[in-house]
Amino acid sequence: MKHTRVPEEERAMAFSMAGGGPSHPEINVTPLIDVLLVLIIIFMIVVTQQERKGLQAEIPEPQSARGTFVDRTIVIQVLGGAKDQVPDVKINQETVAWDQLAGRLREIYRMRADRVAFVRSEDDVDFQYLADAVDIAREAGVEKVGLLGERQ
């Protein structure tokens, strides 16, 4: 039997084709990154397109260190009465009936450039009456309605 010498290049090729061990598959992550980037862009667009609902609340600035409000500030006060009774409502210090509140506010804001009002309520008043006062003020032309808390 005649023994022939195999060139070095063919021997290396034979070894590499022999399989020398288990294969190690690798995941191609490029398509996954592409999908991730598209989802991020869609999420950013959807978040910026959402309509924001609600009213902006503003706190009145005190005129001086004493904490007195500017006399042009309108404060709608919802004052609690007995349980299961409709609370009283005041505009600053003027008592107004609920059915006349919208008309009185329209009259006040007819000649005003700033259409800002604040609503204050006592703790024992049902929240529905506070919400009704805000709705009536908005219907009467008040553009910004702020909520006031208790004085400390």
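Coordinate-derived values only; no laboratory data. All figures in this text were calculated on a predicted structure; none of them were measured in a lab. Methodologically, a virtual Cβ is constructed for each residue, glycine included, from the backbone with ideal geometry; neighbour enumeration extends over all protein chains shown.
Backbone N atoms of region 99-115 closer than 16 Å to the 7 Å Cα→Cβ label point of ARG72 belong to residues 108-115. The simple spin-label model puts a point 7 Å past each Cα toward its Cβ; for VAL35 and GLU122 those points are separated by 6.3 nm. Most tightly packed first, judged by the mean number of other beta-carbon atoms within 10 Å of their residues, the peptides 89-95, 141-147 read 141-147, 89-95.
Less than 5 angstrom separates the built amide H of GLY80 from those of GLU122, all sequence-distant by 5 or more or on a different chain. Taking amide H as placed 1.01 Å from N in the peptide plane, the amide H of LEU147 sits under 5 Å from that of GLU58, VAL119, each at least 5 places away or on another chain.
Derived from the Cα gyration tensor, the three semi-axes of the equivalent ellipsoid of region 74-148 are 21, 12, 10 Å, largest first.
Each residue, GLN85 and ARG110, gets one label point 7 Å from its Cα in the Cβ direction; the gap between the two is 3.3 nm.
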